[in-house]
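J.: The following block contains the structure, expressed as structure tokens.
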């Protein structure tokens, strides 16, 4: 429940905070490391894991390269006057297709699928390791 009588004078952001992208990259790295550690049993598993690693590396590197290119080649009127802290960003509003989300809700919406996949694969890998050790 919102304790403020009206949610006015909150900044509205149209871009995700760079820290959200950092969290996403960490979750993808978690996924790759847990796949290699928990599922690499030798044999023919290394090649598919290598392909998954390359695919996810490209999926992380490509948006990062594009964001760096975007920052370098902005027009003068697009440059933000100052960098926003993560605390201010998550307390503000995030514009999504004409609607507005709370910043922390937007970060959760972006990161939740990645967290589910990374933690789910880790749980499945731990179960796989325990079952293979007991049989």
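The values are calculated or read from the model by the stated rules, or taken from the named source; none is laboratory data. Quick caveat: nothing in here was measured; it's all calculated off a predicted structure. Ideal geometry is used to build each Cβ from the backbone, glycine not excepted, and the neighbour counts take in all protein chains shown.
J.: Quick one: how many residues across segment 83-109 are more than 14 Å from residue 10 (Cβ to Cβ) and in contact (Cβ under 8 Å) with a residue 40 or more places away in the chain?
T.: Total satisfying the criteria: 2.
J.: Keeping to segment 124-135, report how many residues are loosely packed, with under 12 Cβ neighbours inside 10 Å and assigned to a helix (DSSP H, G or I).
T.: Within segment 124-135, residues that are loosely packed, with under 12 Cβ neighbours inside 10 Å and assigned to a helix (DSSP H, G or I) number 6.
J.: Output the residues belonging to segment 4-40 that are free of Cβ contacts under 8 Å to residues at least 24 places away in the same chain and not in a helix (DSSP H, G or I).
T.: Of everything in segment 4-40, those that are free of Cβ contacts under 8 Å to residues at least 24 places away in the same chain and not in a helix (DSSP H, G or I) turn out to be 4, 5, 6, 8, 9, 15, 40.
J.: Is it true that residue 99 is surrounded by fewer than 14 Cβ atoms within 10 Å (Cβ to Cβ), out of contact with any helix residue (DSSP H, G or I) (no Cβ under 9 Å at 6 or more places or on another chain) and closer than 27 Å to residue 31 by Cα?
T.: no
J.: For segment 106-123, how many residues meet the condition of being touching a strand residue (DSSP E or B) at 6+ places or on another chain (Cβ under 9 Å) and surrounded by 14 or more Cβ atoms within 10 Å (Cβ to Cβ)?
T.: Final tally of qualifying residues: 2.
Listed here are the residues, each with its yes/no results for (1) surrounded by 13 or more Cβ atoms within 10 Å (Cβ to Cβ); (2) modelled with pLDDT of 90 or more; (3) within 22 Å of residue 90 (Cα to Cα).
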| position | (1), (2), (3) |
| --- | --- |
| 22 | no, yes, yes |
| 36 | yes, yes, no |
| 42 | no, no, no |
| 52 | yes, yes, no |
| 55 | no, yes, no |
| 69 | no, no, no |
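J.: Of the numbered conditions (1) at pLDDT 90 or above; (2) out of contact with any helix residue (DSSP H, G or I) (no Cβ under 6 Å at 6 or more places or on another chain); (3) under 25 Å from residue 33 (Cα atoms), residue 122 satisfies every one except a single condition; which is it?
T.: (2)
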